Amino acid sequence: MAGKTLYDKLWDAHLVRQDPDGTALIYIDRHLVHEVTSPQAFEGLRMAGRKPWRIDSVVATADHNVPTDPQESEIKDPVSREQVVTLDANIRAFGALAYFPYRDPRQGIVHVIGPETGAVLPGMTVVCGDSHTSTHGAFACLAHGIGTSEVEHVLATQCLVAKKSKNMRIWVDGALPEGVTAKDLILAIIGKIGTAGGTGHAIEFAGPAVAALSMEGRMTLCNMAIEAGARVGMVAADEKTIDYFADKPFAPKGALWEQAVAYWRTLTSDDDAHFDQEIHLDGRTLVPMVTWGTNPEQVTTIDSVVPDPESFSDPVKRAAAKRALEYMGLTPGTKISEIAVDQVFIGSCTNSRIEDLREAARVVQKLGRGKAENVKRVLVVPGSGQVKAQAEAEGLDRIFRAAGFEWRAPGCSMCLGMNPDQLQPGERCASTSNRNFEGRQGPGGRTHLVSPAMAAAAAIFGHFVDVRSL
Amino acid sequence: MMQPFTVHEGIVAPLDRANVDTDAIIPKQFLKSVRRSGFGPYLFDEWRYLDRGEPGMDCSQRPKNPDFVLNQPRYAGATILLARENFGCGSSREHAPWALVDYGFRAIIAPSFADIFYNNSFKNGLLLITLPAETVDQLFAECAATPGYRLKIDLAQQTVTKPDGSSLRFAIDPFRKECLLNGWDEIGLTLRYASEIRAFEARYRERYPFYFVKG
Ligand code: SF4
């Protein structure tokens, strides 16, 4: 019998029951809750007179709607405020293992605070009413994004109705060159397999280049698995994974810690495990990436040009490229390094952790000057209160401020512009977030996805530059 | 949260339009709500009122459109909606069945329904009955001719009984029927396995106690 993949192991460990047609009930360890997708779920519970199955599985925070302007004393938008106030009331009424409300020193983006507090641990099943829940796969978790009716279902039953996905492994050889990051790697992967390349699969990222990544880098990788069409992205556990949790508040202590570690060491794919699909990349050949279109697959390297739609043989892709270039206001053949930006956004659950901020600050410090004249605004939005405090302790905020960047309070911010942080129509943004969809950062806004270092360099030069050349 | 549907008798309101879309059922300005209840007063908002509806408005104060069917006194308290083909087309918003149920409708009879709306309705305890177009025509005619026209729906028997005592049979997927009869929504279905889940959880907790740390 063939061995098991990491995904197989996680699935088996949580399988409550399975019908002959493959429909299964999967036990959920951790339920992350935020203000946008939870109100109707709590209301549904209330209307049905149901109680949450295991309220100590819930960890909640307000992130999507909250203002990140430290000066703003209250949430002005009435709809945003109502969602945040409703979350407060629901958690007060039902309870939670932990709640980090708006203005709490530990509040932040749900996918940043989960692991950072140890509320998410290796081997867990993790769900959240948010597609980027795949982020937690970096810790060898089985992590799914779910819809509002599923949020209610998990609250009421501690289970998710699911069918098993196929196994895909993306193996990255070699080491990433200087200046090439996890963000560039995942953009290169999506460029290669496409936004539907992972559909129906759970992706395991593996190989020497992945093993060499920090936990933050692995989170960036898994965060965007969903952009490759896979609901689940994962990296096997290793000593780095285990060390990450050593001092986290919700991590087990003493004998329980020892027991946990022994189990976590088994969270890898067996050598003889079978994958339905395998993809290979050579990390040594990778280059910093920049998206030019309106989905993450429309991406190229910093040293190349905006592609000609006619160069796509697939008619659907050709039409999509044509439309995207029109929306993005770009002409085929333009050098990527000649594209000027109006705004820069460093943040989001893809790239708002301490390592990302250090990477951006390093570039700013190295260049030793402020943002370019043509760049109207540079937002640096830490992923959580803890990241913010750490960055301030290291003096990163001063480096950013000195360069004319705005240092903000934690939240989703201009990743989706549900709060006041938005692009104006036609404005072009170098963004470390994960989606370059039309209007995502504000109606008519134009988004180019890049790494934190590339974003910081674009802020200083006013256009994209190859960070390898700095 | 689903109310079981067994036998229901009620007043019929005829909505004589084809292709009623979900935006007409509940306009988009109401989707920002944090609730799934409370949509009833805004059901068919643009047709029902003469002013433009906004979330939070007190609808009892708003000017009503006297021509709209639900505003006519003879259809007050209607719980069965008679509709035309392709009812519920357009966006996938679950707010549409939420609004119909919140208003008080328990069933809709039409020649055909849009797919996603069909699924969403059953999830929310709203019985959709598909009958041939000629039969629906006949019901429209009888309803117009008879003030206080009522129908009796028996889900177990799969019949709609008219005031004269004659019955129409309708077809329904056996699984959906069972769910409605028992008031099972998806959560209800999963909770049938509650003891299995509990047993699993006990074993799981013993094996992986470190996932139950309270911090
Ligand atoms: S940062 Fe962006 S992608 Fe991440 S959870 Fe917030 S809105 Fe979603």
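The values are calculated or read from the model by the stated rules, or taken from the named source; none is laboratory data. Given the structure is predicted, the values throughout are model-derived calculations rather than measurements. A quick note on method: Cβ atoms are made from the backbone with ideal geometry, for glycine too, and the neighbour counts reach across all protein chains shown. Accessible surface is based on the protein model in full, side chains and every heavy atom, while ligands, DNA and RNA are left aside. Shrake-Rupley method; radii C 1.70, N 1.55, O 1.52, S 1.80 Å.
General observations
- Remark: region A:23-31, residue by residue, has Karplus-estimated 3J(HN,Hα) of 5, 10, 10, 10, 6, 9, 7, 9, 10 Hz, where x stands for each Gly or Pro and the curve is 6.51 cos²θ - 1.76 cosθ + 1.60 at θ = phi - 60°.
- Cα-based radius of gyration of region A:333-465 once divided by 2.2 N^0.38 Å, which approximates compact folds: 0.95
- Three principal axis lengths of region B:7-184 [C-alpha, angstrom, descending]: 43, 36, 24
- Region A:236-261 versus region B:152-173: alpha-carbon centroid distance in Å: 62 Å
- Rounded accessible area per residue of chain B, 1.4 Å, Å²: 46 Å²
- Region A:377-401 and region A:139-162 have Cα centres separated by 33 Å.
- Interface burial in region B:174-208, defined as at least 30 Å² less accessible area with all protein chains than with the chain alone at a 1.4 Å probe, covers B:I187, B:T190, B:L191, B:Y193, B:E196, B:I197, B:F200, B:E201, B:Y204, B:Y208.
- Approximate spin-label separation A:D314-A:K376, in nm, with each point projected 7 Å along Cα-to-Cβ: 3.5 nm
- Share of carbon and sulfur in the accessible heavy-atom surface of the protein assembly as shown [1.4 Å probe, %]: 51 percent
- Each of the trypsin sites (Lys or Arg not before Pro) that DSSP puts in a loop and that has at most 13 other Cβ atoms within 10 Å breaks chain B; the longest unbroken stretch is B:53-191.
- Qualifying GluC sites (Glu not before Pro) in region A:1-88, where qualification requires a DSSP coil assignment and no more than 10 other C-beta atoms within 10 Å, comprise A:E74.
- Net charge over other residues, Cβ less than 12 angstrom from the Cβ of A:G333 (K, R count +1; D, E count -1): -2
- FRET efficiency for B:D58 and B:S92, using Cβ-Cβ distance with R0 set to 30 Å, rounded to 0.05: 0.55
- Rolling a 1.4 Å probe over the protein heavy atoms gives region A:333-465 an accessible area of 32 Å² per residue.
- Residue-wise HN-Hα couplings along region A:244-258, as the Karplus relation 6.51 cos²θ - 1.76 cosθ + 1.60 with θ = phi - 60° gives them from phi, are 3, 8, 3, 10, 7, x, 8, 6, x, 10, x, 4, 5, 4, 4 Hz; Gly and Pro carry x.
- B:A156 paired with B:D173, simple spin-label distance in nm, labels 7 Å along Cα-to-beta-carbon: 2.4 nm
- Over the protein assembly as shown, equivalent-ellipsoid semi-axes from the Cα gyration tensor in Å: 47, 31, 24
- Once C-alpha pairs closer than 8 Å and six or more residues apart are averaged by separation and normalised to the residue number of chain A, the relative contact order reads 17 percent.
- Summed buried accessible surface, chains A and B, 1.4 Å probe, nearest 100 Å²: 3500 Å²
- Largest-first ordering by accessible area, 1.4 Å probe, given options A:M1, A:M414: A:M1, A:M414
- Sequence-distant residues sharing a close amide H with B:I11 (under 5 Å, placed H): B:T79, B:I80
- Kirkwood radius and radius of gyration were both taken over the C-alpha atoms of region A:33-140, and their ratio Rg/Rh is 0.96.
- Stokes-Einstein D in µm²/s, Kirkwood radius over Cα pairs - region A:136-276 at 25 °C with 0.890 mPa s viscosity: 151 µm²/s
- Distance-filtered residues of region A:166-182 - backbone nitrogen under 15 Å, label point 7 angstrom along A:R284 Cα→Cβ: A:172-178
- Phi-based couplings in Hz for region A:365-373 (Karplus 6.51, -1.76, 1.60; Gly and Pro marked x): 5, 4, 7, x, 9, x, 5, 5, 3
- Under 18 Å from the Cα of B:K162 - aspartates and glutamates, other chains or at least 8 residues apart: B:E9, B:E134, B:D137, B:E142, B:D154
- Using the Cβ-Cβ distance between B:Q72 and A:D88 with R0 set to 45 Å, the FRET efficiency from 1/(1 + (r/R0)^6) comes to roughly 0.55.
- Distance from region A:200-225 to region B:1-40 (C-alpha centre basis), Å: 45 Å
- Linear extension gain, A:A262 paired with A:K51, 0.36 nm per residue minus alpha-carbon span: 72.5 nm
- The modelled label-to-label distance for the pair B:Y193/A:S469, using points 7 Å beyond Cα in the direction of Cβ, is 5.8 nm.
- Solvent-accessible area per residue, Å², over region A:62-104 with all protein chains present [probe radius 1.4 Å]: 46 Å²
- Applying a threshold of 27 Å to the alpha-carbon distances of A:K163/A:K317; A:K317/A:K376; A:K248/B:K32; A:K183/A:K240; A:K166/A:K322 flags A:K163/A:K317; A:K317/A:K376; A:K248/B:K32; A:K166/A:K322 as lying beyond it.
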